[in-house]
Ligand SMILES: *Cc1c(COP(=O)(O)O)cnc(C)c1O
């Protein structure tokens, strides 16, 4: 069940400057179609096979965001159509995406995922690694992949002070990187539970699932 009232309230709150990625993982295509019919176009998915299946069944002007952890051998499945890959966390993955982008005759937009949460389990790069990968990319012939910005996930906590500190950390890395060269414009941070703090701290892209589509059975 799509919570249309919630969706409209969030859209209004975010305004024109902040992109809302509606995270539809594990949800049926009917729910996506319902939001699509209201004019929404940006949808986020975590699993490659699920994304490929849905893409095949839904309108072609949907902008699909891959927000999960992408395995290198699966990049070829989404490179032909994906709008933005949020979770790039290695140079080898970036190179593979470039290779697959070349095969599909596209420039694939990517965000580098930064590790900001305290939890060990969350994927991502540290500040230095992000800088190194960007340098490598700039000095390379990777013309079929574009680093558009950064993405991060905060700790799973109700402590708003902690969330704020983590988002500030990411914003600072983003600003530093942006000052050193062109091309970086997207800062993807904030989910259902923490997007208000993320927006206060400078996010311009939020990824919201459960507030719009309801709770998931599988929680990832
Ligand atoms: C599932 C997921 C979201 C959305 O989570 P909600 O809490 O349902 O808003 C956002 N970002 C990533 C990376 C996710 O995996």
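A short reminder: the numbers here are calculations on the coordinates, not readings from a lab. All values reported here derive from a predicted model rather than from experimental measurement. So basically every Cβ, Gly included, is an ideal-geometry build from the backbone, and we count neighbours across all protein chains shown.
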Problem set entry | Extreme residue, surrounded by the fewest Cβ atoms within 10 Å (Cβ to Cβ), among residues of the stretch 1-30 that are assigned to a helix (DSSP H, G or I) and within 13 Å of the ligand (Cβ to nearest atom) | 6
Exercise. Across the stretch 161-171, which residue is nearest to residue 19 (Cα to Cα) among those that are touching a helix residue (DSSP H, G or I) at 6+ places or on another chain (Cβ under 6 Å) and within 16 Å of the ligand (Cβ to nearest atom)?
Worked result: 167
Exercise. Restricting the search to the stretch 58-86, which residues are in contact with a strand residue (DSSP E or B) (Cβ under 9 Å, 6 or more places away or on another chain) and in a helix (DSSP H, G or I)?
Worked result: 75, 78
Problem set entry | Selection within the stretch 87-129 - over 16 Å from the mean Cα position of the chain (by Cα), within 16 Å of residue 166 (Cα to Cα) and not in a loop (DSSP other than H, G, I, E, B) | 127
Seminar exercise, completed: Among the residues of the stretch 146-170, the number that are in a helix (DSSP H, G or I) and over 22 Å from residue 94 (Cα atoms) is 10
Problem set entry | All positions within the stretch 37-57 that are in a helix (DSSP H, G or I) and closer than 19 Å to residue 205 by Cβ | 51
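Per-residue answers, yes or no, for (1) in contact with a helix residue (DSSP H, G or I) (Cβ under 7 Å, 6 or more places away or on another chain); (2) touching a residue at least 12 places away in the same chain (Cβ under 8 Å); (3) surrounded by fewer than 20 Cβ atoms within 10 Å (Cβ to Cβ):
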position: 86; (1), (2), (3): no, yes, no
position: 91; (1), (2), (3): yes, yes, yes
position: 99; (1), (2), (3): no, yes, yes
position: 140; (1), (2), (3): no, no, yes
For this session: Confirm whether residue 215 is free of Cβ contacts under 8 Å to residues at least 12 places away in the same chain, out of contact with any strand residue (DSSP E or B) (no Cβ under 8 Å at 6 or more places or on another chain) and farther than 20 Å from residue 128 by Cβ.
Result: yes
Exercise. In the stretch 172-210, which residue that is in a helix (DSSP H, G or I) and crowded, with 19+ Cβ neighbours inside 10 Å is nearest to the ligand (Cβ to nearest atom)?
Worked result: 195
Problem set entry | Lone qualifier among 43, 66 - being under 29 Å from residue 172 (Cβ atoms), within 12 Å of the ligand (Cβ to nearest atom), surrounded by 16 or more Cβ atoms within 10 Å (Cβ to Cβ) and without any contact (Cβ under 8 Å) to a residue 24 or more places away in the chain | 66
